[in-house]
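Novice: Pasting a structure below so you can have a look.
The values are calculated or read from the model by the stated rules, or taken from the named source; none is laboratory data. Just so it is clear, the model here is predicted, and its values are computed rather than measured. Here Cβ is always computed from backbone atoms with ideal geometry, including for glycine, and neighbour counts include all displayed protein chains. Accessible surface is based on the protein model in full, side chains and every heavy atom, while ligands, DNA and RNA are left aside. Shrake-Rupley method; radii C 1.70, N 1.55, O 1.52, S 1.80 Å.
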Amino acid sequence: FVMLGEIGLILLVIEAGIDIDLNMLKLIGSRGMLIAIVGSVLPIGIALVIAIALDPTNIQSAIAAGACFGPTSLGIAMNILRQGKIVNTPVGQLIVSAAVIDDMIALIILSQLGALAGDVTVAAIVVPIVSALAFLVIGGYAAVFILPPFLDKYFYTRFKKENSGAAGLA
């Protein structure tokens, strides 16, 4: 059942990525990143402080409690934005991009919780953080700067100009 949950999460992030307008995302840029970081770190930090205050001897439980408050529900946010017909507005794009980044931060923290469960080594802590950040940077760069010219040159040329929007969703 864990694998089905992971597949569902991947499909949810892909669905959110389909609704992101890259030109608007370039305009939002650092604001979306700042909102995601504050929206993720603040609840995690508050939960972590409360959990440590309740039981200062159990740091793993405190990290787990903090990690529970980190993720944003991307699926609920997307449904609400679609029903309100504001997905393609600057505010809607800001919410979607912040939610995706927020979920990435939460996944990094959850991976740290798994690394702290067994033998604590530097590699077990550093590798998930570096790989997640590298994937985010490299994947984001490829999605914004490499993939659109590639699609324009090799994919969209096969479709009529008036059908190019439908071809992008095919």
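Novice: If I ask for residues that are surrounded by 11 or more Cβ atoms within 10 Å (Cβ to Cβ) and outside any helix (DSSP H, G or I), which ones from segment 122-161 would you list?
Specialist: Residues satisfying the conditions are F155, F159.
Novice: Residues being open to solvent by 40 Å² or more (accessible area, probe 1.4 Å) and more than 30 Å from I125 (Cα to Cα): count how many of those fall in segment 84-110.
Specialist: 7
Novice: Could you grab the pairs with beta carbons closer than 8 Å, sequence gap of 6+ or different chains, first residue in segment 84-95 and in contact (Cβ under 8 Å) with a residue 12 or more places away in the chain and under 15 Å from V13 (Cα atoms), second one assigned to a loop (DSSP other than H, G, I, E, B) and not acidic (D, E)?
Specialist: If the second residue must be assigned to a loop (DSSP other than H, G, I, E, B) and not acidic (D, E), the pairs left are Q93/I20; Q93/V87.
Novice: OK, next. Filter segment 8-41 for residues that are free of Cβ contacts under 8 Å to residues at least 12 places away in the same chain, under 12 Å from L94 (Cα atoms) and small (G, A, S) and give the result.
Specialist: G29, S30 - these are the residues of segment 8-41 that are free of Cβ contacts under 8 Å to residues at least 12 places away in the same chain, under 12 Å from L94 (Cα atoms) and small (G, A, S).
Novice: Ok, one more. For segment 1-78, please list each of the helices (runs of 4 or more DSSP H) lying entirely inside it that holds at least 3 residues being within 15 Å of the chain's Cα centre (by Cα).
Specialist: 2-18, 30-54
Novice: Continuing with this model, one more query. Residue under question is D119, and the condition is that it be open to solvent by 40 Å² or more (accessible area, probe 1.4 Å) and more than 11 Å from A67 (Cα to Cα); does it hold?
Specialist: yes
Novice: Then there's this: Pairs under 9 Å by beta carbon, first residue closer than 24 Å to S30 by Cα in segment 134-154, partner among the β-branched types (V, I, T) and part of a helix (DSSP H, G or I), six or more apart or different chains?
Specialist: Short answer, once both residue conditions are applied: L136/I101.
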